[in-house]
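Asks: This is the structure I have questions about; it appears just below.
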Amino acid sequence: MNHSPLCGIIPPLVTPLVNNDTLDVESLERLIEHLIAGGVHGLFILGTTGEEQSLSYALRKQMIIRSARINRGRLPLLVCITDTSIEESIHLAQVAAEQGADGVVSAPPYYFAPGQPELAQFYEELVPQLPLPVYLYNMPSHVKVNFAPDTVRRIARNPQVVGFKDSSANAVYFQSVLYKMRERPDFAMLVGPEEITGECVLLGAHGGINGGANMFPELYVAMYNAAKAGDLQRIVQLQQLIMQISTTIYTVGKHGSSYLKGLKCALSLLGIIFTPQLLQLAGVQAEYYADALKYLRIYLAGLMFTVIYNNGAGILRAMGDAQTPFRILIISCCTNILLESSRASATMRTEGHDCLARKRIAFQERGDWRRERTVPDW
């Protein structure tokens, strides 16, 4: 019997930490409540953005337990179980099942890169031992192997395999897998890179597992809804904002870690999580990180201005009615700009940006939108 595939925006949650082996439960709760209020369609923990491979097994288990308790079944919960050991993957899946998760996600075993026949055999052995539906996870930049489209189809002969997340950033490859799986209407096709989520959904994908949704879930939900509706004008408008995030917040620094560091810094500036590890790094590279974090703070304010200056009313309609930090900030800025000027000129652009720079993350000054919290003074 076929079931409907999982659809929508399923953010890959960051894992907030107090130290290398202690989960920041308060930050995790703020993050999950922020995402639910933002209208996302599911939660994905312990993926690449969640740094699973850098966490102890005890901490991974704690992340599963705490996330499930905070979520309370409100959204589908997916848990990544990627490991080089089949037994450890099975153990994590059992913990996920015990806590009421809805599915598990598995990338190929890394270090020794398997060939396609070996990869298929690995999953043919693993999947029957798992207690939950399985989503395959293509992450070739990290595990050094792609799922060939025929391999995906072979593994998915087992109906327990219900979906595929592709983080290759290769739209041609994604379409090839989508075409191969066309006879499985219950098979969820999900894309990782947010930069191509709109076009992929427009061409048949079921949704996105987008890191940026940790910060601004309403934005990515709006993109998904626009793509599902075939609203090309709105897709183009929202794509510009998504690309601004991608080319700024994710590119502070020269290393592959810049995406995750930028994302976590932005979440801290938004008052959603606290990142003491980055403060420790700042002690080593104080000047660099001080400049980077100052830039991020100013950019987040400028980002809000760009939204409202170009298409404030349209974006607000796309965001819906939820009173989330992103929407509250946009409404506040729209009100100020409408009061200050009705002229769409360079002068208005400059004055509006200055106004937002003073307001910056305005919802932090509005009191408790979820709970009392301390935001670090970067």
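The values are calculated or read from the model by the stated rules, or taken from the named source; none is laboratory data. Worth saying up front: this structure is predicted, and the values here are computed from it rather than measured. Cβ placement follows ideal geometry from the backbone for every residue including glycine, while neighbour counts extend to all protein chains displayed. Heads up: the accessible areas ignore ligands, DNA and RNA and are worked out on the full protein's heavy atoms, side chains in. Shrake-Rupley method; radii C 1.70, N 1.55, O 1.52, S 1.80 Å.
Asks: Condition first: within 20 Å of GLN53 (Cα to Cα), open to solvent by 20 Å² or more (accessible area, probe 1.4 Å) and modelled with pLDDT under 95. Can you find one or more residues in the range 115-132 that meet it?
Replies: no
Asks: Quick check on SER4: is it more than 21 Å from the chain's Cα centre (by Cα) and either part of a loop (DSSP other than H, G, I, E, B) or of a type outside the set (D, E, K, R) (or both)? Steps first, answer last, please.
Replies: Working: more than 21 Å from the chain's Cα centre (by Cα): yes; either part of a loop (DSSP other than H, G, I, E, B) or of a type outside the set (D, E, K, R) (or both): yes.
Yes.
Asks: Output the number of residues of the range 241-278 satisfying the condition of being of a type in the set (A, V, I, L, M, F, W, C), open to solvent by 10 Å² or more (accessible area, probe 1.4 Å) and free of Cβ contacts under 8 Å to residues at least 60 places away in the same chain.
Replies: 3
Asks: Any chance you could count how many residues in the range 102-114 are part of a loop (DSSP other than H, G, I, E, B), open to solvent by less than 10 Å² (accessible area, probe 1.4 Å) and either in contact with a Lys or Arg (Cβ under 8 Å, 6 or more places away or on another chain) or among the aliphatic types (A, V, I, L, M) (or both)? So that I can check it myself, show each step before the final result.
Replies: Just the residues of the range 102-114 that are part of a loop (DSSP other than H, G, I, E, B), to begin with: 102, 107-114.
Within this subset, residues satisfying the condition of being open to solvent by less than 10 Å² (accessible area, probe 1.4 Å) are 107-108.
Imposing the further condition that a residue be either in contact with a Lys or Arg (Cβ under 8 Å, 6 or more places away or on another chain) or among the aliphatic types (A, V, I, L, M) (or both) reduces the set to 107.
Here the count works out to 1.
Asks: Starting from the range 1-26, take each residue that is on the phi > 0 side of the Ramachandran plot and touching a residue at least 60 places away in the same chain (Cβ under 8 Å) and list its partners that are of a type in the set (A, V, I, L, M) and open to solvent by less than 60 Å² (accessible area, probe 1.4 Å), counting only C-beta distances under 9 angstrom and pairs at least six apart or across chains.
Replies: Note: pairs meeting the criteria are GLY8/VAL40; GLY8/VAL221.
Asks: Out of SER168, SER106, SER141, SER176, report the one residue that is over 30 Å from ARG74 (Cβ atoms), modelled with pLDDT of 95 or more and of a type in the set (Ser, Thr, Tyr). Steps first, please.
Replies: Working: SER168 fails: modelled with pLDDT of 95 or more; SER106 fails: over 30 Å from ARG74 (Cβ atoms); SER141 fails: modelled with pLDDT of 95 or more.
Criteria check complete, one pass: SER176.
Conditions tested, residue by residue: (1) over 16 Å from the mean Cα position of the chain (by Cα); (2) among the hydroxyl-bearing types (Ser, Thr, Tyr); (3) surrounded by 18 or more Cβ atoms within 10 Å (Cβ to Cβ).
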{"site": "LEU31", "(1), (2), (3)": "no, no, yes"}
{"site": "THR48", "(1), (2), (3)": "no, yes, yes"}
{"site": "GLN53", "(1), (2), (3)": "yes, no, no"}
{"site": "GLN62", "(1), (2), (3)": "yes, no, yes"}
{"site": "ILE81", "(1), (2), (3)": "yes, no, yes"}
{"site": "THR84", "(1), (2), (3)": "yes, yes, no"}
{"site": "ALA93", "(1), (2), (3)": "yes, no, yes"}
{"site": "ALA96", "(1), (2), (3)": "yes, no, yes"}
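Asks: Sticking with this structure for a sec: Have a look at LEU136, LEU92 and point out the one that is within 20 Å of ILE10 (Cβ to Cβ), at pLDDT 95 or above and part of a helix (DSSP H, G or I). Steps first, answer last, please.
Replies: Numbers: LEU136 fails: part of a helix (DSSP H, G or I).
Result of the check over LEU136, LEU92: LEU92.
Asks: If you don't mind, another one. Which residues, taken from the range 190-204, are touching an Asp or Glu at 6+ places or on another chain (Cβ under 9 Å) and in a loop (DSSP other than H, G, I, E, B)? If you could, list the steps in order and put the result at the bottom.
Replies: Within the range 190-204, the first condition is being touching an Asp or Glu at 6+ places or on another chain (Cβ under 9 Å), and the residues that meet it are 190-193, 200.
If the condition is that a residue be touching an Asp or Glu at 6+ places or on another chain (Cβ under 9 Å) and in a loop (DSSP other than H, G, I, E, B), then GLY192, PRO193 are the ones that fit.
Asks: When you go through (1) open to solvent by 10 Å² or more (accessible area, probe 1.4 Å); (2) touching a residue at least 40 places away in the same chain (Cβ under 8 Å) one by one for ALA68, which number turns out not to apply?
Replies: Answer for ALA68: the failing condition is (2).
Asks: Then there is this: Please work out which one of (1) at pLDDT 95 or above; (2) over 30 Å from LEU270 (Cα atoms) is the condition ASN146 fails and give its number.
Replies: It fails just one condition, (1).
Asks: Do you know which residues across the range 15-29 are among the aliphatic types (A, V, I, L, M) and open to solvent by 10 Å² or more (accessible area, probe 1.4 Å)?
Replies: Going residue by residue through the range 15-29, those that are among the aliphatic types (A, V, I, L, M) are 17-18, 23, 25, 28.
Within the range 15-29, LEU17, VAL18, LEU23, VAL25 meet the criteria.
Asks: Please identify the pairs in which a residue from the range 227-240 that is touching a residue at least 40 places away in the same chain (Cβ under 8 Å) has its Cβ atom under 8 Å from the Cβ atom of a residue that is surrounded by fewer than 19 Cβ atoms within 10 Å (Cβ to Cβ) and basic (Lys, Arg), counting only partners at least 6 apart or on another chain.
Replies: That search, which allows pairs on different chains as well, returns nothing.
Asks: Scan the range 176-189 and tell me whether some residue there is assigned to a helix (DSSP H, G or I), touching a Ser or Thr at 6+ places or on another chain (Cβ under 6 Å), surrounded by fewer than 22 Cβ atoms within 10 Å (Cβ to Cβ) and without any contact (Cβ under 8 Å) to a residue 40 or more places away in the chain. Give the steps one after another, and end with the answer.
Replies: Just the residues of the range 176-189 that are assigned to a helix (DSSP H, G or I), to begin with: 176-180.
Keeping just the survivors that are touching a Ser or Thr at 6+ places or on another chain (Cβ under 6 Å) gives none.
No.
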